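Asks: Pasting a structure here, questions to come.
The values are calculated or read from the model by the stated rules, or taken from the named source; none is laboratory data. Note that the coordinates shown come from a computational prediction; the quantities given were computed from them, not determined experimentally. With ideal geometry, Cβ positions are generated from the backbone for all residues, glycine too; neighbour counts draw on all protein chains shown. To get the accessible areas, we keep the full protein, side chains included, count just its heavy atoms, and leave off ligands, DNA and RNA. Shrake-Rupley method; radii C 1.70, N 1.55, O 1.52, S 1.80 Å.
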Amino acid sequence: MTNNLSVVINADAQQVWTMLREPSLVAQWHGWETDELTDEIKQIYFDPSVVEGPDHTSLTVRGGDEFELHPVSGGTEVKVTRAALDHDSEWAEWDEDITQGWLTFLNQLRFTLERHPHGKRRTHFVSVAGGGSAIEKLGLGDLPPVGDEYSLTLSTGESISGKVWFKSRHQVGVTVHSYAEHGDGLLIVAEQLAIPEKRPDGGAMVIASTYDLGAHTLADIRSSWDKWKDSGSGS
């Protein structure tokens, strides 16, 4: 299980709170582009069951998971505490996926606030079946420490460079210079654990967050990832 669901963001608590409480801003870091994203955000963050802390330092979203904001040296620590697991719930077997999802989204929240607070992201999402480590297969298994620069060629054929954004037991995130017209974009690869009868061999997901790219450049990036998936390289 993942217990350390927290990031320190170089922003004040009010800036973070705003990113949590305006739907259009939540859409810049939660999940990835889908036709259902608007409804998903509404259900999770703006359902009548959602509870805002009176001092805007806590937010309990639908389902009981809680965000906490704490001023620290260097900005604001944002922590997510999972609600107690209901073993009878239809979501019980997906609980670790939800935990891993929060880790992904917290790092996307940090990236958005620190690198593109006024930007509009365009994403590409790829999901692949299991059959070995997607992180290793992509060539991301030997990254330098977090914060250091890297340069490599992915097994998709893309040559990318930037800095290591975060690493955990099942995920890696790197900034990518070529994913933004100005600054950089973000690439996250998250491996998914096996779920009997649902996902017996595990799997992985890839989220590429890009900013201000031309249509042809974005199409090339999407095509590269889709070809990697279709070739079976991710499984």
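Asks: Of the labelled options [x] 19.0; [y] 18.4; [z] 30.4, which one gives Kirkwood radius over Cα pairs in Å as computed for this structure?
Replies: Checked against the structure: label [y].
Asks: May I pose another question? Residue separation times 0.36 nm, minus the C-alpha to C-alpha distance between E66 and D39: what's the value? The partial results should precede the final answer.
Replies: Details: separation 27, 0.36 × 27 = 9.72 nm, distance 1.98 nm.
Residue separation times 0.36 nm, minus the Cα-Cα distance, leaves 7.7 nm.
Asks: Determine the per residue accessible area of segment 47-178 with all protein chains present and a 1.4 angstrom probe, expressed in square angstrom.
Replies: Values: 6490 Å² over 132 residues.
Dividing the accessible area of segment 47-178 by its residue count gives 49 Å².
Asks: Just check segment 133-176 against the gyration tensor rule for me: Cα atoms, a ≥ b ≥ c as the square roots of the eigenvalues, rounded for a/c under 1.5, and otherwise prolate or oblate depending on whether a/b exceeds b/c. Could you put the intermediate results ahead of the total?
Replies: On the way: a/c = 2.07, a/b = 1.09, b/c = 1.90.
In terms of gyration-tensor shape, oblate.
Asks: Loop-only check: which GluC sites (Glu not before Pro) in segment 42-113 are DSSP coil with at most 15 other Cβ within 10 angstrom? Before the final figure, lay out each step's value.
Replies: Working: sites: E52, E66, E68, E77, E90, E93, E96; in loops: E90.
The qualifying sites are E90.
Asks: Quick one: compute the contact order of the chain, relative version, from alpha carbon pairs under 8 angstrom and 6+ residues apart, as a percent. Each step should come with its number before you reach the end.
Replies: Details: 425 pairs, mean separation 42.1, N = 235.
So the answer I get is 18 percent.
Asks: Turning to a different aspect of this structure: Name the shape class, rounded, prolate or oblate, that the alpha-carbon gyration tensor gives for segment 102-235, where a ≥ b ≥ c are the square roots of its eigenvalues, rounded holds for a/c under 1.5, and otherwise prolate holds if a/b is larger than b/c and oblate otherwise. Mind dumping the intermediate values first?
Replies: On the way: a/c = 1.60, a/b = 1.39, b/c = 1.15.
Here segment 102-235 falls in the prolate category.
Asks: Related question: Any chance you could count the Lys pairs in the chain whose alpha carbons are under 18 Å apart, treating pairs 8 or more apart or on different chains as valid? It would help to have the intermediate numbers written out before the result.
Replies: Details: K79/K167; K137/K167; K137/K227; K137/K229.
Total qualifying Lys-Lys pairs in the chain comes to 4.
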